[in-house]
Amino acid sequence: MKTTISVIKADVGSLAGHHIVPAPLLEIAEDNLKKAAEEGVINSYKVFHAGDDLELLMVHNRGERSEEIHALAWKTFLAATEKAKELKLYGAGQDLLKTAFSGNVRGMGPGVAELEIEERGSDPIVVFAADKTSPGAFNYPLFRIFADPMNTAGLVIDAAMLDGFKFEVLDSKLNKRVVLQCPEEMYKLIGLIGTVNRYCVSRIWRVADNRVCAVTSTTKLSQLAGKYIGKDDPVAVVRAQHGLPAVGEILAPFLHTYFVEGWMRGSHWGPLMPVSLKDSRCTAFDGPPRMVALGIQVCNGRIASDKDGVPLIADLFDDPAFDFARREAVEMAIVFRRMGEFQPARLSEESMEYTTLPEILKTLKDRFKS
Ligand SMILES: [Mg+2]
């Protein structure tokens with residue numbers, strides 16, 4: 001029996017600007033997924049939010065790109081949008097770019113990360129969800145986790161990992177993919193994925209047996225819509241342990257902050273802050289960009305649950321071990337904000353293409369004299 005972990009997310013409206021998904025929207029999602037679980041469409045689920053993004057974690061047996069699962073997510077986002085409009089929340093329905101559902105939410109606005117697995121004796125999974133950043137934000141930690149022996153001890157001392165991992169990289173400009181194998185092609189991989197605004201790691205397999213280990217969402221809303229309509233706050237699903245990186249190795253890259261694109265108006269470099277679910281809300285300059293990490297155990301097609309069927313969720317960044325990274329993120333945030341709109345605080349000209357800045361600059365077009 002194969003089990004699929006689907007994380008589908010969208011920003012369909014937020015309380016007080018771009019801060020959080022308020023309770024009434026979470027309740028609608030909860031009701032929808034509860035009903036779907038009762039009807040047997042999904043086996044178990046967890047509704048949560050990463051800042052202003054409504055996140056649907058669903059575990060089922062319908063495989064990746066299942067029309068039923070995608071329709072369920074789409075219907076849930078539409079219902080939440082209705083409520084957001086009723087409450088006049090900010091950005092109601094902003095990520096829903098199309099009106100008619102056509103079998104798959106990919107290309108319609110929501111972000112999707114799905115992983116179909118053959119369950120092992122025990123299958124720990126880490127689900128990451130970020131706000132105020134973009135899919136390239138996973139390049140750096142995924143490289144550290146699956147290719148850097150200075151981060152992941154298992155690459156050196158676990159025989160199952162000695163052959164390394166294969167990275168699928170999406171060129172979001174040309175919409176083409178390439179697969180590179182590490183450690184053999186590590187330098188080429190870094191050459192590509194160091195350019196985080198164009199290339200992003202979309203999938204990772206273990207070389208020894210092609211076991212799929214990680215997947216990310218790679219939606220580029222600006223390229224879908226042709227204009228800036230909010231950042232493509234990404235999600236990722238990563239498998240752990242038993243011949244794969246340990247959960248602790250998966251979390252180790254977050255002991256320090258690192259810089260990602262996004263933050264205010266999706267137009268700035270910002271330090272990523274790993275946070276618990278309770279701190280999953282962007283404030284200062286709409287940030288700093290934040291990431292939550294949920295640990296689950298997949299168990300016979302479901303999320304391992306308590307006696308009442310409530311899924312057991314480990315809020316992995318709810319730990320003083322990440323206080324240093326959070327402190328670093330705040331310090332770096334202050335340094336960058338002191339620079340205002342001067343690069344490198346603001347993104348490159350190319351990255352600003354989809355924002356409203358070109359409209360402003362257009363007003364100067366005729367005033368340039370040679
Ligand atoms: Mg967001």
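Output the number of residues of segment 125-162 satisfying the condition of being within 15 Å of the ligand (Cβ to nearest atom), at negative phi and among the charged types (D, E, K, R).
The total comes to 1.
Against the condition surrounded by 19 or more Cβ atoms within 10 Å (Cβ to Cβ), in contact with a strand residue (DSSP E or B) (Cβ under 7 Å, 6 or more places away or on another chain) and among the basic types (Lys, Arg), how does residue 188 come out, does it pass?
Spelling it out, it is not the case that residue 188 is surrounded by 19 or more Cβ atoms within 10 Å (Cβ to Cβ), in contact with a strand residue (DSSP E or B) (Cβ under 7 Å, 6 or more places away or on another chain) and among the basic types (Lys, Arg).
Got a number for residues in segment 237-267 being over 18 Å from the mean Cα position of the chain (by Cα) and crowded, with 24+ Cβ neighbours inside 10 Å?
2
Starting from segment 87-107, take each residue that is of a type in the set (Ser, Thr, Tyr) and list its partners that are not in a loop (DSSP other than H, G, I, E, B), counting only C-beta distances under 9 angstrom and pairs at least six apart or across chains.
Filtered contacts from segment 87-107: 90/14; 90/15; 90/84.
Output the residues belonging to segment 69-89 that are within 14 Å of the ligand (Cβ to nearest atom) and either surrounded by fewer than 24 Cβ atoms within 10 Å (Cβ to Cβ) or farther than 12 Å from residue 29 by Cα (or both).
Of everything in segment 69-89, those that are within 14 Å of the ligand (Cβ to nearest atom) and either surrounded by fewer than 24 Cβ atoms within 10 Å (Cβ to Cβ) or farther than 12 Å from residue 29 by Cα (or both) turn out to be 84, 89.
Mind counting the residues in segment 288-313 that are loosely packed, with under 15 Cβ neighbours inside 10 Å and touching a Leu at 6+ places or on another chain (Cβ under 7 Å)?
Here the count works out to 1.
So which helices (runs of 4 or more DSSP H) stay within segment 161-279 end to end and still have 2 or more residues that are modelled with pLDDT of 95 or more?
So the answer is 186-193, 247-251.
Of all residues in segment 130-160, which are surrounded by fewer than 21 Cβ atoms within 10 Å (Cβ to Cβ) and at pLDDT below 95?
Those that are surrounded by fewer than 21 Cβ atoms within 10 Å (Cβ to Cβ) and at pLDDT below 95: none in segment 130-160.
So is residue 319 modelled with pLDDT of 95 or more, under 25 Å from residue 232 (Cα atoms) and surrounded by fewer than 21 Cβ atoms within 10 Å (Cβ to Cβ) or not?
Numbers: modelled with pLDDT of 95 or more: yes; under 25 Å from residue 232 (Cα atoms): no; surrounded by fewer than 21 Cβ atoms within 10 Å (Cβ to Cβ): yes.
No.
Can you pull out the residues in segment 312-329 that are touching a strand residue (DSSP E or B) at 6+ places or on another chain (Cβ under 8 Å) and without any contact (Cβ under 8 Å) to a residue 40 or more places away in the chain?
312, 314, 315
Looking at (1) among the hydrophobic types (A, V, I, L, M, F, W, C); (2) assigned to a loop (DSSP other than H, G, I, E, B); (3) without any contact (Cβ under 8 Å) to a residue 24 or more places away in the chain, which one does residue 285 not meet, given that it meets all the others?
That leaves (3) as the condition not met.
Do we have any residue at all in segment 56-68 that's on the phi < 0 side of the Ramachandran plot, within 16 Å of the ligand (Cβ to nearest atom) and among the hydrophobic types (A, V, I, L, M, F, W, C)?
Taking segment 56-68 as the starting set, the residues that turn out to be on the phi < 0 side of the Ramachandran plot are 56-62, 64, 66-68.
Then keep just the ones that are within 16 Å of the ligand (Cβ to nearest atom); that gives 56.
Right, trim to among the hydrophobic types (A, V, I, L, M, F, W, C) and you get 56.
Scanning segment 56-68 turns up at least one residue that is on the phi < 0 side of the Ramachandran plot, within 16 Å of the ligand (Cβ to nearest atom) and among the hydrophobic types (A, V, I, L, M, F, W, C).
Scan (1) farther than 27 Å from residue 315 by Cα; (2) out of contact with any Lys or Arg (no Cβ under 6 Å at 6 or more places or on another chain) for the single condition residue 108 breaks and write down its number.
All conditions pass for residue 108, except number (2).
From the set of residues in segment 90-105 that are farther than 17 Å from residue 15 by Cβ and of a type in the set (A, V, I, L, M, F, W, C), which is surrounded by the fewest Cβ atoms within 10 Å (Cβ to Cβ)?
Of all residues in segment 90-105, those farther than 17 Å from residue 15 by Cβ come to 96-105.
Going one step further and asking which of them are of a type in the set (A, V, I, L, M, F, W, C), we end up with 96-97, 100-101, 105.
Numbers: 96: 20, 97: 16, 100: 6, 101: 16, 105: 26.
The selected residue is 100.
Applying the selection to segment 75-99, what residues are under 24 Å from residue 60 (Cβ atoms) and of a type outside the set (Phe, Trp, Tyr)? Steps first, answer last, please.
First, pick out the residues of segment 75-99 that are under 24 Å from residue 60 (Cβ atoms): 75-81, 95-96, 98.
Scanning segment 75-99 gives 75, 76, 78, 79, 80, 81, 95, 96, 98.
Suppose the filter is within 16 Å of the ligand (Cβ to nearest atom) and among the charged types (D, E, K, R); does residue 53 pass it?
yes
For the subset of segment 11-35 comprising residues that are among the small types (Gly, Ala, Ser) and crowded, with 18+ Cβ neighbours inside 10 Å, which member is farthest from the ligand (Cβ to nearest atom)?
Per the stated criteria, the residue is 29.
State which residue pairs qualify: first residue under 19 Å from residue 305 (Cα atoms) and inside segment 53-72, second residue outside any strand (DSSP E or B) and within 16 Å of the ligand (Cβ to nearest atom) in any location, beta carbons under 8 Å apart, and separation of 6 or more residues or different chains.
Partner pairs satisfying both residue conditions: 56/29.
The values are calculated or read from the model by the stated rules, or taken from the named source; none is laboratory data. Since this is a predicted model, take the numbers as computed values, not measurements. Neighbour counts run over all protein chains shown; Cβ positions are idealised from the backbone, glycine included.
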